[in-house]
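Working notes for the structure below.
The values are calculated or read from the model by the stated rules, or taken from the named source; none is laboratory data. Owing to the predicted nature of the structure, the values given are computational and were not obtained by experimental measurement. All accessible areas refer to the heavy atoms of the entire protein, side chains included, with ligands and DNA or RNA removed. Shrake-Rupley method; radii C 1.70, N 1.55, O 1.52, S 1.80 Å.
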Amino acid sequence: MVSSDRGRAVLATVMAMGATGVISACKDPVETRYEPSDAAISRGLAAIEKAGCGSCHEIPGVDWPKGRLGPSLKGFDDVGLIAGQLPNRPGVLASFIRNAPAIKPGSPMPPMPVSEAEAQDIASYLYGLDSD
């Protein structure tokens, strides 16, 4: 329970910031659409295969394995929130890919053995997927 005026002000600011993040995550997808380069998409698929992301996720373009432990990543850029909680933005996704438990404590996704550049390329690949 917050007992001081300053504490209530801090709590109100934090709550407003959280609401702003959720509202911005729900913007019209056309306004926030990220268009990755073809080169980044190609590198992303290679990084996905190297890291073994398909062992937990079904990922279009990855024929085997087709994991079912994590969610399907088909049409990923149309998902409003990453892991049901984080704004779906390229930088947030790359950080989540590298170390999900640090970004969202309690996440069942383990830290992945990928570099920052590889994580950015994986994010590019996921944002380049068609939702069809």
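Values as computed for the structure displayed
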{"item": "Residue order for Lys74, Lys104 - accessible surface, 1.4 angstrom probe, largest first", "result": "Lys74, Lys104"}
{"item": "Relative contact order computed over segment 50-132 (Cα-Cα under 8 Å; 6+ residues apart), in percent", "result": "27"}
{"item": "Residue-by-residue Karplus 3J(HN,Hα) for segment 104-109, coefficients 6.51, -1.76, 1.60, Hz, glycine and proline x", "result": "9, x, x, 4, x, 6"}
{"item": "Segment Ala117-Asn99, length gained on full extension (0.36 nm per residue, minus Cα span)", "result": "5.1 nm"}
{"item": "For segment 35-127, Kirkwood radius (reciprocal of mean inverse C-alpha pair distance, Å)", "result": "13.0"}
{"item": "Sequence of Glu58, Glu116 when ordered by accessible area, the most exposed leading, probe 1.4 angstrom", "result": "Glu116, Glu58"}
